[in-house]
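What follows is one structure encoded as structure tokens, with my remarks underneath.
The values are calculated or read from the model by the stated rules, or taken from the named source; none is laboratory data. All values derive from a computational prediction rather than experimental measurement. Ideal geometry is used to build each Cβ from the backbone, glycine not excepted, and the neighbour counts take in all protein chains shown. Protein only, heavy atoms only, side chains kept; ligands, DNA and RNA dropped before computing areas. Shrake-Rupley method; radii C 1.70, N 1.55, O 1.52, S 1.80 Å.
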Protein chains: 2
Amino acid sequence: MIVRQAANVLEIMEFFAQVKKPATLAEIADHFGWPRSSTFNLLATLSEKGYLYEPRPRAGFYPTPRWLAMARMISEVEPLPPWTHQLISDLSAETGETASIVAPAGVMAVFIDVVESKAAIRYFATIGHRVPIHATASGRALLLQYSQEERDSVYRKIEFKQYGPSTPISIEAVEIELRNSIARGYCQSFADYSRDLAGAAIPLPIGDRRLSVVVAGPEFRIGPKVPEVAALIARTVDRLRPKTSAA
Amino acid sequence: MIVRQAANVLEIMEFFAQVKKPATLAEIADHFGWPRSSTFNLLATLSEKGYLYEPRPRAGFYPTPRWLAMARMISEVEPLPPWTHQLISDLSAETGETASIVAPAGVMAVFIDVVESKAAIRYFATIGHRVPIHATASGRALLLQYSQEERDSVYRKIEFKQYGPSTPISIEAVEIELRNSIARGYCQSFADYSRDLAGAAIPLPIGDRRLSVVVAGPEFRIGPKVPEVAALIARTVDRLRPKTSAA
DNA sequence: GGAAAATGTACATATATGTGAATTTATATG
DNA sequence: CATATAAATTCACATATATGTACATTTTCC
């Protein structure tokens with residue numbers, strides 16, 4: 001069950017992140033198609049908690065820096081080491097495609113850092129973007145780091161759906177693809193989940209964290225180059241990852 | 001009316017900002033005294049939206065960097081000019097008390113930047129902290145920037161409460177205090193709202209934004225020094241504020 | 001290795017909550 | 001300055017939602 005008002009808080013936050021200017025109750029209500037009274041309650045709640053204020057008279061609400069203060073506190077713990085951002089930054093620059101660091105979230109894989117391609121046609125992904133762990137290159141690069149028992153436990157919760165022609169729709173299919181990936185030396189996906197999207201990924205364990213790096217883009221552009229992209233990823237990780245410790 | 005699940009999202013966020021480590025469903029439910037099933041729904045919603053993930057197996061949930069990404073996008077608009085942080089930083093260092101930048105939010109005043117005193121006994125305030133606009137030095141320094149009509153409109157919404165012995169409990173009392181403040185050259189408060197708390201504030205208009213600076217601390221320590229603290233604030237603003245333009 | 005404890009998940013139901021309509025307040029217009 | 005129009009609040013009620021209970025899964029402990 002989705003908790004509507006919880007989701008609405010996030011929607012509002014994203015709304016402000018997008019429009020980047022104060023908005024009145026009426027504007028917000030109209031934008032989302034929410035009743036004014038409901039919007040009123042929500043805004044009052046966020047204001048009361050210190051997350052919204054009125055920067056100038058009659059110009060409406062805008063988030064206070066409290067969001068930022070909280071997010072900073074949260075993120076200063078175990079941040080990703082700086083070289084991982086360098087990594088996807090370099091990869092995106094060299095390949096012209098979108099590169100990301102990905103982490104597990106149950107049966108999904110979450111993008112926790114992204115550098116987008118600058119191409120007009122590109123893989124559009126943002127931090128927080130989620131994809132099925134079993135039907136994506138990045139996700140399978142995570143699964144490779146699991147023990148058999150852990151994988152089984154994940155499999156039990158997966159609802160296998162035919163997202164595309166090549167989506168693995170059974171546990172066996174996934175396991176086979178994992179074995180192939182090991183043999184191949186990297187994970188790949190050709191529209192397994194998103195139409196026209198292809199990508200290459202490799203596991204990226206950092207400390208006891210299970211992460212992966214992925215480079216993805218439109219199939220017609222990146223498709224033929226997947227092997228060399230994979231090699232590039234491996235080389236770049238090798239170059240940037242500190243040799244001394246696990247971190 | 002307060003929207004409970006909206007507030008809960010913020011609570012969860014603040015919880016993570018405090019504990020700074022992943023937490024399981026059970027831990028979160030117990031911490032807040034929420035039913036497991038409700039907690040489950042909330043966490044599922046936040047996860048689904050890409051704001052929570054599971055950094056390592058069986059270690060529970062933690063916020064994704066998406067919070068930070070959103071907060072950054074929101075805050076890069078019209079950020080406070082850097083000299084305002086310098087201002088409260090200097091003021092806090094010189095006085096040993098807590099210094100803040102404050103903005104209006106209806107009948108309340110919100111702290112939008114804070115540098116805390118390092119003293120053991122101090123005014124504990126965080127970004128997002130809210131106080132009644134009419135019963136605080138910082139709030140009245142905002143009201144001074146309003147037109148009479150705007151002030152009247154605010155007064156109509158205020159519920160006058162006797163927070164402390166010197167709280168102004170009528171429109172006239174507030175207006176008188178505002179006139180006194182003008183004569184005096186700064187706003188002051190002696191436990192008008194918070195027990196044992198005294199402070200000095202002055203208006204700080206920036207562009208068309210109505211802000212104020214306040215220095216506040218325990219009455220016994222800052223009380224006798226309020227006039228000189230006020231003078232210090234004025235001098236420091238004068239020193240740091242760029243002379244050229246309104247920004 | 002098996003039982004017990006803890007944790008996570010599903011669902012029907014009572015109830016807390018969102019909302020439409022009414023009221024008040026603010027702003028624009030003649 | 002009066003009137004019209006739009007925005008912000010309030011409130012009672014129907015309904016969408018949180019939760020108690022039951023079940024499943026995982027982990028711990030003996």
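Here is how the numbers come out for the structure above:
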| item | result |
| --- | --- |
| Check: the stretch A:1-100 dipole with +1 on Lys, Arg Cβ and -1 on Asp, Glu Cβ, in debye | 620 debye |
| Acute angle (nearest 10 degrees) that the helix A:66-75 long axis makes with the longest principal axis of chain A, alpha-carbon atoms | 20 degrees |
| Proximal lysines relative to residue B:118, as straight alpha-carbon distance under 23 Å, when same-chain residues fewer than 8 apart are discounted | B:20, B:225 |
| Whole-Å semi-axes of the ellipsoid equivalent to the stretch B:4-74 (Cα gyration tensor, √5λ, descending) | 18, 14, 11 |
| Student exercise, the stretch B:82-240 dipole from Lys, Arg, Asp, Glu Cβ charges, in Debye to nearest 20 | 140 debye |
| The stretch A:162-238 - percent of accessible surface contributed by carbon and sulfur, probe 1.4 Å | 56 percent |
| Whole-percent carbon and sulfur share, accessible surface of the stretch A:4-75, 1.4 Å | 52 percent |
| Of B:181, B:166, B:117, the one that fluctuates the most in a GNM where chain B has Cα springs shorter than 10 Å | B:166 |
| Surface per residue (accessible, 1.4 Å probe) for the stretch A:1-107, Å² | 41 Å² |
| Charged-residue dipole, Cβ positions (Lys, Arg, Asp, Glu), the protein assembly as shown about Cα centre, Debye nearest 20 | 280 debye |
| In order through the stretch B:25-35: 3J(HN,Hα) via Karplus (6.51 cos²θ - 1.76 cosθ + 1.60), integer Hz, x for Gly, Pro | 3, 4, 4, 5, 4, 5, 3, 8, x, 8, x |
| Shortest-first distances to equivalent copies, position residue A:244, nm, label 7 Å out along Cβ | 4.4 |
| Inter-label distance, nm, simple model (7 Å from Cα along the C-beta direction), residue B:27/residue A:176 | 4.1 nm |
| Zone of residue B:83's modelled label, taken as backbone nitrogen in the stretch B:201-226 under 20 Å from a point 7 Å along Cα→Cβ | B:201-215 |
| Over chain A: helical MRE at 222 nm, DSSP H runs n ≥ 4 each giving -39500 (n - 2.57), nearest 500 | -13500 deg cm²/dmol |
| Extension gain, residue B:235 back to residue B:150 (0.36 nm per residue minus Cα-Cα distance, nm) | 27.7 nm |
| The stretch B:181-233, accessible area per residue, ligands and nucleic acids excluded (1.4 Å, Å²) | 39 Å² |
| Highest to lowest packing among A:122-130, B:20-28, scored as the average C-beta count within 10 Å | A:122-130, B:20-28 |
| Test item: A:36-47 mean partner chain Cβ contacts at 10 Å | 3 |
| Square roots of 5 times each gyration tensor eigenvalue, C-alpha, the protein assembly as shown, largest first, Å | 50, 23, 21 |
| Chain pair A, B: total accessible area buried, heavy atoms, 1.4 Å probe, Å² | 5700 Å² |
| Residue A:197 long-range amide H proximity, modeled H, under 5 Å | A:191, A:219 |
| Within 10 Å of each Cβ in B:121-131, the average number of Cβ atoms from other chains | 3 |
| Mean separation of Cα contacts under 8 Å (6+ apart) over length of the stretch A:4-75, as relative contact order % | 29 percent |
| Placed amide H near residue B:133: partners under 5 Å, 5+ positions off or other chain | B:108, B:109 |
| Calculated label separations, residue A:157, copies of the chain, 7 Å along the beta-carbon direction, nm | 4.3 |
| Spin-label model distance (nm) - residue B:220 vs residue B:76, 7 Å beyond Cα toward Cβ | 4.9 nm |
| Positive-end residue of B:166, B:88, A:123, charge dipole of the protein assembly as shown with Cβ unit charges | B:88 |
| Cα Rg, Dmax (largest Cα-Cα span) when computed across the stretch B:122-247, Å | 14.4, 43 |
| Copies compared at residue B:24 - label distances in nm, ascending, label defined 7 Å from Cα in the Cβ direction | 5.1 |
| Threshold 30 Å² - residues in the stretch B:63-95 whose accessible area is reduced by that much or more when the chain is no longer isolated, probe 1.4 Å | B:65, B:66, B:67, B:68, B:70, B:71, B:73, B:74, B:75, B:77, B:78 |
| Residue B:52 long-range amide H proximity, modeled H, under 5 Å | B:47, B:64 |
| For chain B, the fraction of alpha-carbon pairs in successive 5 Å shells from zero, as % | 1, 6, 12, 15, 14, 12, 12, 10, 8, 5, 3, 1, 0 |
| For the stretch B:159-164, Karplus couplings with θ = phi - 60° (6.51, -1.76, 1.60), whole Hz, Gly/Pro x | 9, 6, 10, 7, 5, x |
| Set of lysines with alpha-carbon distance to residue A:157 below 20 Å, sequence-local pairs under 8 removed | B:49 |
